[in-house]
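Each remark here refers to the structure printed beneath this line.
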Amino acid sequence: MKELESPKPGARFLPLVPLRDMVVFPRMMAPFVVGRASSIGALEAALANPEKQIFLSAQKDPKVDEPSAPDIHELGVVAAVVQSLRLPNGHIKVMVEGIQRGRIRGWHSAPDHRGVVVEKIDSPPLSAPAGSEIYVYMQKVLGVFEQFAKLSHQLAFEGLLSSIKLDDPDTFADTLAGHLPTSIATAEKQALLETVNPLERLQKLQDLLEIEIEKINIDRRINNKVKKQMERAQKEYYLNEKIKAIHQELGKKDDKSDEIEELRDKIEKAGMPKEVKEKAMAELKRLEAMPNVSAEATVSRNYIDWLVSVPWKKATKEMRDIKHAERILNEDHFGLEKIKERILEFLAVRQLVTETKGSILCFVGPPGVGKTSLAKSIAKSLNRKFVRLSLGGVRDEAEIRGHRRTYIGAFPGQIIQLMKKAGTVNPVFLLDEVDKMSMDFRGDPSSALLEVLDPEQNNSFVDHYLDVEYDLSKVMFIATANVVHPIPPALKDRMEIIQLSGYTPNEKLAIAKQFLLPKQMKENGLAVEQATFDDAAIYGLIESYTREAGVRNLEREIASVCRKIARKIVGNDVTGPVNVVGPKLHEFLGKPKFRLSRKGEKAETGLATGLAWTEAGGDVLHVETTLMRGKGNLVLTGQLGDVMQESARAALSYVRTRAEIFGAEADFYEKQDIHVHVPEGAIPKDGPSAGITMATSILSAVTKFPVRKDVAMTGEITLRGKVLPVGGIKEKLLAAYRAGITTLVLPKENEKDLDEIPEEIRNVVEFHLVEDVDEVLRLALEGVPQVAVAKEITPPDEGKVPSGNMAH
């Protein structure tokens, strides 16, 4: 601490009292209590002086108990002690009056207090232009302060406004500053004290007052809103109590009593289990004790409404007549014998066993084959209610299990909501697009379905909202999906998977004639005698205007033809019935949209025909191979996936081991690049089932033996030349049948899948079941010497690598 022997001219020694959370301005009367020992010593030193002057300066941090020089603002105020009173606890209550600003220029210590050398600060004189401007500004600030005084409703301000004078800007600014509210921060008041120029001080003062006015206005608006809400609630409560008293005088029951009795009656009649009924009655008792206007009463009322609305024992009488059910299924759907048989089995079991566990079936097949409509027909044949839950894009577990009642606007999950909609405990419940569910931070809905679809658990399903056990064991759940692989294994394990393959052209023809044509003619206002479709026209729609496994797009095209016929009839463009025949389809629908995949016109070298499975059914796949001068590189094009590329490399390795047997040069792969292309290039392709097709195509290009045009094949290849089984046999065979291919080469292990092939295909297509690629080559290549295919190749010695570059 710096000690001074004597103050400089214009400065003087004064005792120092640091202030916490307080700023004293000149001409301001301020009371406060002095409690620190050093501050009491400073005050006593000031009282011993005739002038009783003391220096007051605010602390930078009010939490510091013994502040040093850096903790105290340099600029403070010289004040005179007006009154002092010693309290019983030793503290001194004091009233001071600010005299003038001062700046600390030095420090000195006394035995019991701290003193400072203070230089008094006078306000700078104002120039003539600034002087006239400041008096105008004073009027403006005074107006703002009057507005603040009116809004704050403090009597002290009213007396101040009557006594304030505008003759001295410095006195005017300090007087107003001394009456600022305590809500203004100490740092802002200190900045105001340190502003010596009166004009700048008035500008800061105006800013602070305008901010305080805005705060007061905001508080008043909030208080008014709260007051109105309280008045409304009190008014409603008063009127409700008055109505209740009037009803009592008249001997009538009030509405709430009627509502409580009605809910109690519903609970008694709902047929709830004992535990659920006890919980409902307890909730009803709570509701009875609540005022009607209570928000909690609405939550309880909604909860009880849901408990009594959900079916607990009401069930529809099931149709057990197997013949009647079979007739309904046949009327609504053509084909689908396997599924119809499964439903009839279910009915037969129900006749023998009264209480059976609920069934969970999953129909898997491409779009448009009738999965959803089949579920409706099942409900109709069983005489059960039908409800449908679409799971496509569902990400939130609460969609299945509901929200807890603690959340505002909570509701049960879709399972309970649809059970309420069904109104019975044994509906047919369709879970549509179960393979389209996803998950995010809100939970995994597929995991929530595990309990719903488990016959061992779903008799005690707990929804988060109801928070009681609900029996789903009597529900017949049917799920639908386009593909199986996105479904989690645990969920898949709980369902009986039934595959629905695509329809054959003949099946589509029958469906169109029996179902689609009558339906669309009726919807478009056409009578039976106004339009006719021959079989060639329907076949044309199937082959040239649609490319699908189901019949959804076929129905759209039939509807489009019906609309055009309706327009012609209304416009009087035709007389008599309109006959739609195959050659005239383009007049209704324009040019064909699809080119039917056909077998080749002739046998070609390097071109083999394979079969592919797609979500829309099956398709024919052509594999082309050509040789170019090069260094043995393998080029693969046509958007082939990783698995298909590996199949191509395996096929090339097999061909290299067999090339010499079939008359090719043993080192062909060292002098030539091999390019394998699979049209159409814009469509991604993957899977191992084209292995034998690519091997046949490569060997044909190497040996110059052409591939038969009427042969198509599918099967996975191994390096040893074995043919492994593949999937999607029915869809692939339908595609071959549509393309006019009559000879099919299939893996031996896929023989079991031929039972599902329609009779119309088995009668015209020749099947060859193979175990080795040599058999494939014998069937597919023209002009192959029998000695070549019969000759056995001795495998190379173990660990020995053939010479030449490996294909990449």
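The values are calculated or read from the model by the stated rules, or taken from the named source; none is laboratory data. The shown structure was predicted, so the numbers you read here are calculated from the model rather than taken from an experiment. In this analysis, Cβ positions are derived from the backbone assuming ideal geometry, glycine residues included, and neighbour counts consider all displayed protein chains. Surface accessibility is based on the protein's heavy atoms, side chains included, excluding ligands, DNA and RNA. Shrake-Rupley method; radii C 1.70, N 1.55, O 1.52, S 1.80 Å.
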Might you check whether a residue that is at pLDDT 80 or above, open to solvent by 40 Å² or more (accessible area, probe 1.4 Å) and either over 30 Å from L517 (Cα atoms) or more than 38 Å from the chain's Cα centre (by Cα) (or both) occurs anywhere in segment 370-383?
no
Cβ-Cβ under 9 Å, sequence separation 6+ or interchain: first residue in segment 302-314 and within 14 Å of K279 (Cβ to Cβ), partner crowded, with 16+ Cβ neighbours inside 10 Å and hydroxyl-bearing (S, T, Y). Which pairs?
Y303/Y465; W306/Y465; V310/Y470; W312/Y470
Could you tell me whether segment 125-135 includes any residue that is among the small types (G, A, S), surrounded by 15 or more Cβ atoms within 10 Å (Cβ to Cβ) and touching a strand residue (DSSP E or B) at 6+ places or on another chain (Cβ under 9 Å)?
no
Write out, first by first residue and then by second, each pair whose Cβ atoms fall under 6 Å of each other, whose residues are 6+ apart or on separate chains, and whose first residue, in segment 17-45, is surrounded by fewer than 15 Cβ atoms within 10 Å (Cβ to Cβ) while the second is in a helix (DSSP H, G or I).
D21/T186
I487, sole failed condition from (1) at pLDDT 80 or above; (2) farther than 19 Å from L361 by Cβ
(2)
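From the list E355, E241, E261, E341, exactly one residue is modelled with pLDDT of 80 or more, open to solvent by 40 Å² or more (accessible area, probe 1.4 Å) and either within 36 Å of the chain's Cα centre (by Cα) or not hydrophobic (A, V, I, L, M, F, W, C) (or both). Which is it? Before you say what the answer is, go through the steps one by one.
Numbers: E355 fails: modelled with pLDDT of 80 or more; E241 fails: modelled with pLDDT of 80 or more; E261 fails: modelled with pLDDT of 80 or more.
One residue alone meets the criteria, E341.
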Within segment 412-438, considering residues that are touching a helix residue (DSSP H, G or I) at 6+ places or on another chain (Cβ under 7 Å) and open to solvent by 40 Å² or more (accessible area, probe 1.4 Å), the one modelled with the lowest pLDDT
Q414
Given the criteria of a type in the set (A, V, I, L, M, F, W, C), assigned to a helix (DSSP H, G or I) and modelled with pLDDT of 80 or more, does A191 qualify?
yes
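Picking from L431, L472, L449, L466, which residue would you name as being in a strand (DSSP E or B) and within 27 Å of K313 (Cα to Cα)?
Working: L472 fails: in a strand (DSSP E or B); L449 fails: in a strand (DSSP E or B); L466 fails: in a strand (DSSP E or B).
Exactly one of L431, L472, L449, L466 is in a strand (DSSP E or B) and within 27 Å of K313 (Cα to Cα), namely L431.
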Selection from segment 439-471 of residues more than 21 Å from A410 (Cβ to Cβ), hydrophobic (A, V, I, L, M, F, W, C) and at pLDDT 75 or above yields L450, L453
Restricted to segment 475-526 and to residues being of a type outside the set (K, R), part of a helix (DSSP H, G or I) and closer than 30 Å to P311 by Cα, the residue least open to solvent (accessible area, probe 1.4 Å) is L491
Going by the structure shown, is V551 touching a residue at least 60 places away in the same chain (Cβ under 8 Å), in contact with a helix residue (DSSP H, G or I) (Cβ under 7 Å, 6 or more places away or on another chain) and either within 28 Å of A735 (Cα to Cα) or open to solvent by less than 40 Å² (accessible area, probe 1.4 Å) (or both)?
yes
In the set V77, V81, the lone residue that is in a strand (DSSP E or B), touching a helix residue (DSSP H, G or I) at 6+ places or on another chain (Cβ under 6 Å) and crowded, with 18+ Cβ neighbours inside 10 Å is V81
Checking L344 against (1) touching a strand residue (DSSP E or B) at 6+ places or on another chain (Cβ under 8 Å); (2) without any contact (Cβ under 8 Å) to a residue 40 or more places away in the chain, the condition it does not meet
(1)
Residues (under 22 Å from K215 (Cα atoms) and either modelled with pLDDT under 75 or open to solvent by 20 Å² or more (accessible area, probe 1.4 Å) (or both)) located in segment 145-159:
E146, Q147, K150, L151, S152, H153, Q154, L155, A156, F157, E158
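Looking only at segment 46-66, count how many residues are free of Cβ contacts under 8 Å to residues at least 24 places away in the same chain and either of a type in the set (V, I, T) or surrounded by 19 or more Cβ atoms within 10 Å (Cβ to Cβ) (or both). Talk me through it step by step, then tell me what you get.
Of segment 46-66, the ones free of Cβ contacts under 8 Å to residues at least 24 places away in the same chain are 48-50, 60-61, 63-64.
Subset that is either of a type in the set (V, I, T) or surrounded by 19 or more Cβ atoms within 10 Å (Cβ to Cβ) (or both): 64.
Residues that pass the stated criteria total 1.
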Take the residues in segment 741-766 that are of a type outside the set (A, V, I, L, M), under 27 Å from L607 (Cβ atoms) and over 49 Å from the mean Cα position of the chain (by Cα); name whichever of them is modelled with the lowest pLDDT.
T742
Within segment 691-706, can you find the residues that are in contact (Cβ under 8 Å) with a residue 60 or more places away in the chain and open to solvent by less than 10 Å² (accessible area, probe 1.4 Å)?
I692, T693, M694, A695, T696, S697, I698, L699, S700, A701
Of the residues in segment 272-305, those that are open to solvent by less than 30 Å² (accessible area, probe 1.4 Å) and closer than 19 Å to V468 by Cβ come to M272, V276, A280, E283, L284, L287, S300, Y303, I304
